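Heads up: the structure comes next, in structure tokens.
We did not get these values from a lab; they are worked out from the coordinates using the rules stated. All values reported here derive from a predicted model rather than from experimental measurement. Every residue, glycine as well, gets a Cβ built from its backbone with ideal geometry; the counts of neighbours run over all protein chains shown.
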Amino acid sequence: MAIYQLLPLLLLFPLIGALINGTIGKRLPEKIIGSIATLMTAIPFILALVIFFQLDEPVKSILFTAIDLGTLHLDVSLYADNLSIWMTLIVTGVGTLIHIYSIGYMSGDKGFYKFFTYLNLFIFSMLILVLGSNYFMLYFGWEGVGVCSYLLIGYYYADENEGLMNSKAGRKSFIMNRVGDLGLFIAFALILANFGSLEYDVVGMKMLGGEALPSVFIVSMITLSLFIGATGKSAQIPLFTWLPDAMAGPTPVSALIHAATMVTAGIFLMVRSNFLLEFTPEIKDVILYVGLITSIVAAFIAMRQNDIKKVLAYSTVSQLGLIFVAIGLGAYTVAIFHVTTHAFFKALLFLGAGSVIHAMGGEQSIRKMGGLKDKIKITHITFLLATLAISGFPLFSGFFSKDEILGIAFEKSVGVYIALAISSAMTALYMFRLYFVVFHGSFRDTKDVEHHVHESPLNMTVPLMILAVLSVIGGIFDLPGIFLKGNFTHYLDKLLGTNVLGLDHHPAHPEFNTTLVLLAVAIIIVLVVLFLSNIIYRKKGVIPKADEQYTGWEKLSNKNMYWDEAYDLLIVKPIEGLSKAFYAVIDTLIIGGIVQGIAKTVSLSGDVVRKWQSGKVNGYIFWMVCGIIGFITFFLIKI
Amino acid sequence: MELLIIPLAFSLVSLVTPKNIRKIVALIGALISVVIAITCWVNFQPDSFVELFSNEQHTFFRMSYRLGYDGLSLAMILLTNIVTFLILLANYEKNTASNKMFNTMVFLMQFALIGSFLSFDLILFYIFWELALIPVFLMAFWFGEKDRKKVLITFFIYTFVGSLAMLFSIFYIGTLTSGSYDYHSLVDIQMNTKTALTVSLGFLIAFAVKMPLFPFHTWQPETYTKSPMAGTMLLSALMLKMALYGVLRWLLPLAPEAYPLFKYTVIILAMIGVVYGAIVAIKQDDLKKVFAYASISHVGLIAAGMMILTIDAFAGAVIQMINHAMVAVGLFLAADIIDRRLGRRDISSLGGIAVRAPKFAFWFAIIGFASISIPFTSGFIGEFLLIKEVFLDKAWIGILVGTNLILGCVYIFRAYQLTMFGKESSFNFNDLTVSEIATFAILSVIIVVLGVYPQLLFDMVKPSLESILSIIKDSSI
């Protein structure tokens, strides 16, 4: 089959999976539900691989025209280039592993079929997002994944104590994303008005061709609005506080949606729109600094979080910030590189955390853990590998992708580089802290729980092992050209450069000697942090204090820098107050009063003329009809 | 012609059918209308005008009795017939379903609505417009909740003043024309700005009250709350569409000379309505009131969009009208389902229903998502087109109306979550019955089909919207 025929199939399978499990899943055994869902994710992965090896020129597959109003023409169509297929591979590849893992993790859950229906729906939406050929399609996927995310965050809505809290977390994520969506609406309106189309290739050709371009101001407004949309989905300041709350969902969901795939949608959007961004350097700087600040703030908060998933959530926010820095630097392919490696190691970290939580019987507080390294060996080893990868330990995947960003940042400005270096030092710090506190030292929960600790079943540990391999070797996708020469290096960069609009030129890398120094600095940072953490958390066995005992910066970090409280005070409370005030004052008192006054007058006059008026309300209807007839008669006579 | 006759006939039939088969007969009657409307649609040529009845002899009051439909009218007729059927279906298990006056009133309402959408004569339009008030009023009066009287007086005063204003405008037009209230001769009249403004003012007031536009809205939440479910649905899903339709069909083409004068007044009032309605909805305790204020917010967006003279905006307005009708029926049904089973619908006293009634939770969620215009629902297409056009006309207004996207989530999620989730309560809550599921399912299918393939609707309405646009643009130059 030709590529344009294969493309719709990619979407079809997860949709079918969702339909099967959604309709008859309730009556099927868990094994079958899980297998169907996994298969419906794995098949698109294989199809994507087939497409990947065949693809030279971009392929567009138009399914049907959704809207045709003359000037406005919106197609439902799919677009395959190396970027969209690469993203598809990540989504379906990591997705398949997480599906397999979930069969074990979710077994015994009452809503097992519902969970897999949502997961398949998520894959379906995510594929629309990355494979759509225009911004219109992207938005379909964008909101689709948002809905799935909402449903899955609030998955445990029926929980006795936490149910309402969980669904509120879902609501928060959705509303925050909606703020970003308004930005997207505006961007799309502007693109339509100025380019006459929402198709990537039409807009891209016009921008790259350089003819009849809109003014820089307009393009800046477009890119800024797009970026606002991206801050919502990809959890950047100021719209990032939903992501840590999103951890209320089941852990595989945190791994798939809130770490590896959905939250990278904003990055995908930026990379797709690179031809617009390149035209507006000011907005690129905005992106760079927003990403930088987010990266540091989130890393800071992660330092004193004591819920295993919260640490990882803030870590995700921080890493996404780092990727936005890459976009701000114009290093789009590097951004995708880090998206890829991040998908591996962050998915692994979350799944590992899930395995730990599983072993602990649902406990998420790292204060209660400790000494788990001998009890759950596979989880321990894989988690350690992922920790090394995210910290940028030499030769692990994170090392390559992160240093690529740092190197380019150094070329741009030393200040940015130093800030990034601090951020990655903090990353190593909170990750090693997490690792040592959870896996070393002594077990701190009750004997009952300790007795219960066990390694997860094979369907959970195999995905861990596969992801661990990828986290270690993921760097090969885009090896730096410093020591190696030839085709091995910058594979991803070349790949994306061949047929993705606008990605065929690259920001400057630092020269050889500088690169060496930067590498050395990066390695020293990791090793020093590892050395220190080892002393503090392993040798001395320092365990996290109780929340109340934190003071100074630790308290600030532990309390999430009071972002939520600030939003509550500045936005939520005023709107709620306004809501009550509007209703009480304007609706009831002023406008209602006037009308009631008239009503009173009417009923008073009703008293006066009671003799010929029934006083009942349907009497008024009668008089109205009489009135109409009267008018008509009057005019008849006049004629 | 059977479009009009069937509802009228069934309003009489309902009076004489025996009680035990009354509700099934009513349902069949409504279904026949749906089938007829669909047949009309299948045979319809997009850019044609189907004349049903015409009498050029101006025998009575200079009326030409011109009845017919173009794409826009047909869309509204389809909507009316489908929604009427759904209302009867939604109401199927309530006591009122077997009440003869109830069924008569529903059909009478359908008759009046169809008539107003078919009228291509202004006097005829007015008569149907006024006629529509009577059944919905009586329904609220006879079957509504207690302490409804004061509310209904307010409702009556508002609409009465609005209708009087329109009547005045109609007569004023009568003095300008040579002798006909026929649509095509009316739109050809050239007016100076002052005359045009006088004429449009009457229409504006009538339409603003019925939509309702801020600040003419205070009758609406109370009336919606106190009316019986079917009455609320008729009011919000259909009756206010008459006003929106009136703007497109009559107000704008009739006196386009005045359009530049009232454009921003309407847009800004609509914009205030969008934000105001949404903000007030956030803290309401009565589910029906939440949805009532939500309706004010949604309708505001449609009204604002109609003031932008582009095909995108008009098409967005039409699809949003349909979406709003579907969502209104769905949401008020959901509120009523809770009310039916528990006898209350205050958010603060509810919770944990989802565990008891998973089917209800599912369908309520779909309608909820449609109301916050998630892609794959018709709401998204409508809101996207409307917000886009309003934004491109005036950026800051577009952004303010766009907050609807955000605030909409706040009140819908709040209403949904606080009633459906949370502590599993001890009360008994039976899950949906077949007729309730059927209602939700039909609503959802329409919503999703139009959300994925809106061109289905646009093919039908585009030519008539374009001709309205060209009428407006020709005469305003």
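Less than 11 Å Cβ to Cβ from B:PRO463, Lys/Arg counted +1 and Asp/Glu -1: what total charge do the surrounding residues give? Spell out each step's value before the answer.
Details: positive: B:LYS462; negative: B:ASP47, B:ASP70, B:ASP459, B:GLU466.
Summing Lys/Arg as +1 and Asp/Glu as -1 gives -3.
What does the structure give for B:273-284 when I average, per residue, the other chain Cβ atoms found within 10 Å of the residue Cβ? If you can, show how the numbers build up before the last one.
Values: counts 0, 0, 2, 6, 1, 2, 9, 9, 2, 8, 10, 3.
Per residue, the average neighbour count from other chains is 4.
Going Cα to Cα from A:LYS412, which lysines come in below 29 Å? Please leave out same-chain ones fewer than 8 positions away.
A:LYS206, A:LYS233, A:LYS284, A:LYS346, A:LYS402, A:LYS485, A:LYS494
Relative to the first principal axis of the alpha-carbon coordinates of chain A, what is the inclination of helix A:82-105, with its axis defined by its Cα atoms, in degrees from 0 to 90 and to the nearest 10?
90
Using a Förster distance of 51 angstrom, determine the FRET efficiency expected from the C-beta separation of B:LYS263 and A:ARG27, and round it to 0.05.
0.30
Can you tell me the orientation of helix A:216-233 relative to chain A, as the angle in degrees between its alpha-carbon axis and the longest Cα principal axis, to the nearest 10?
Tilt of helix A:216-233: around 80 degrees.
Given only helices, namely DSSP H runs of n ≥ 4 each adding -39500 (n - 2.57), what is the per-residue ellipticity at 222 nm of the protein assembly as shown, to the nearest 500 deg cm²/dmol?
-23500 deg cm²/dmol
Using Cβ contacts closer than 10 Å as the measure, can you line up A:HIS73, A:HIS258, A:HIS452 from fewest to most?
By the 10 Å Cβ count, ascending, the order reads A:HIS452, A:HIS73, A:HIS258.
Going by a ≥ b ≥ c, the root eigenvalues of the Cα gyration tensor, does the range B:313-354 fall in the rounded group (a/c under 1.5), the prolate group (a/b larger than b/c) or the oblate group? The partial results should precede the final answer.
Values: a/c = 4.22, a/b = 3.22, b/c = 1.31.
Verdict is prolate for the range B:313-354.
Would you give the gap between the C-alpha center of the range A:515-561 and the C-alpha center of the range B:235-274, rounded to a whole Å?
About 62 Å separates the Cα centre of the range A:515-561 from the one of the range B:235-274.
Going by amide H atoms built from the backbone, whose H comes under 5 Å of the H on B:LEU432, apart from near neighbours?
So B:LEU432 has HN proximity to B:LYS359, B:PHE360.
Which ³J(HN,Hα) values in Hz, rounded to whole numbers, follow from the phi angles of the range A:30-38 under the Karplus curve 6.51 cos²θ - 1.76 cosθ + 1.60, where θ = phi - 60° and Gly and Pro get x?
4, 4, 6, 3, x, 5, 4, 4, 5
Short version: ³J(HN,Hα) in whole Hz for each residue of the range B:373-386, in order, from phi by Karplus 6.51 cos²θ - 1.76 cosθ + 1.60 (θ = phi - 60°), x for Gly and Pro, what are they?
Calculated HN-Hα couplings, in order: 6, 6, x, 6, 10, 4, x, 5, 4, x, 5, 4, 5, 5 Hz.
What nm value, rounded to one decimal, do you get for the distance between A:LYS494 and A:LEU12 when each label is placed 7 Å out toward the C-beta?
3.5
How large is log10 I(q)/I(0) at q = 0.12, 0.14, 0.18, 0.21 Å⁻¹ when the Debye formula is applied to the Cα atoms of the range A:17-114, each weighted equally and without solvent?
-0.56, -0.70, -0.89, -0.99
Which far-off residues, 5 or more places away or on another chain, put their amide H under 5 Å from the one on A:LEU63, with H placed in the peptide plane?
A:VAL76, A:SER77, A:LEU78
Largest first and in whole Å, what are the equivalent-ellipsoid semi-axes of the range A:135-291 based on the Cα gyration tensor, each being the root of 5 times an eigenvalue?
Values: eigenvalues 221, 39, 29 Å².
Listed largest to smallest, the semi-axes of the range A:135-291 are 33, 14, 12 Å.
FRET efficiency for A:GLU162 and B:LEU164, Cβ-Cβ distance as r, R0 = 56 Å, nearest 0.05? Don't skip to the end; give the middle numbers.
Working: r = 57 Å, r/R0 = 1.02.
After rounding, the FRET efficiency stands at 0.45.
Using the number of other C-beta atoms within 10 angstrom as an exposure proxy, rank B:CYS40, B:CYS409 with the fewest first.
Working: B:CYS40 18, B:CYS409 26.
Fewest-to-most ranking of B:CYS40, B:CYS409: B:CYS40, B:CYS409.
For the range B:108-206, just say rounded, prolate or oblate: build the C-alpha gyration tensor, square-root its eigenvalues into a ≥ b ≥ c, call rounded for a/c under 1.5, and beyond that prolate if a/b exceeds b/c, oblate if not.
oblate
Could you sort B:356-364, A:412-420 so that the peptide with the highest average Cβ count within 10 Å comes first and the rest follow in order? Numbers along the way, then the final one.
Numbers: B:356-364: 19.1, A:412-420: 16.0.
For the peptides B:356-364, A:412-420, the packing ranking is B:356-364, A:412-420.
Across peptide A:168-175, how many C-beta atoms of other chains are within 10 Å of each residue C-beta, on average?
On the way: counts 6, 0, 3, 8, 1, 0, 6, 8.
That average works out to 4.
Which order do B:ILE472, A:ILE575 fall in if you start with the one that has the fewest other Cβ atoms within 10 Å?
Details: B:ILE472 20, A:ILE575 14.
By the 10 Å Cβ count, ascending, the order reads A:ILE575, B:ILE472.
How big is the gap, in Å, between the Cα center of the range A:17-38 and the Cα center of the range B:435-454?
Value for the Cα centre distance between the two parts: 24 Å.
Which FRET efficiency, nearest 0.05, do A:ASP307 and A:ASP374 yield, Cβ-Cβ r, R0 30 Å? Please list the in-between numbers first.
On the way: r = 24 Å, r/R0 = 0.78.
After rounding to 0.05, the efficiency reads 0.80.
Rounded if a/c is under 1.5, else prolate if a/b is larger than b/c, else oblate: which is chain A, with a ≥ b ≥ c the root eigenvalues of its Cα gyration tensor?
Values: a/c = 1.83, a/b = 1.48, b/c = 1.24.
In terms of gyration-tensor shape, prolate.
Let me confirm one metric for peptide A:569-579, namely the mean number of other chain beta-carbon atoms within 10 Å of its residues' beta-carbons. All intermediate terms of the calculation are to be shown ahead of the outcome.
Numbers: counts 0, 0, 0, 2, 0, 0, 6, 4, 2, 6, 12.
Mean partner shielding for this stretch: 3.
Which far-off residues, 5 or more places away or on another chain, put their amide H under 5 Å from the one on A:SER234, with H placed in the peptide plane?
A:GLY266
For the protein assembly as shown, report the % of Cα-Cα distances exceeding 46 Å. It would help to have the intermediate numbers written out before the result.
Values: 223338 of 622170 pairs.
Beyond 46 Å sits 36 percent of the P(r) for the protein assembly as shown.
What is the extension gain from B:ARG344 to B:SER48, computed as 0.36 nm multiplied by their sequence separation minus the C-alpha to C-alpha distance, in nm to one decimal? List each step's numbers first, then the result.
On the way: separation 296, 0.36 × 296 = 106.56 nm, distance 4.94 nm.
Length difference between fully extended and current span is 101.6 nm.
How big is the gap, in Å, between the Cα center of the range A:434-458 and the Cα center of the range B:89-154?
So the separation of the two Cα centres works out to 68 Å.
Along the range B:408-414, what does the Karplus equation 6.51 cos²θ - 1.76 cosθ + 1.60 (θ = phi - 60°) give for ³J(HN,Hα), rounded to whole Hz, x for Gly and Pro?
Running phi through 6.51 cos²θ - 1.76 cosθ + 1.60 with θ = phi - 60° gives x, 4, 4, 6, 5, 5, 4 Hz.
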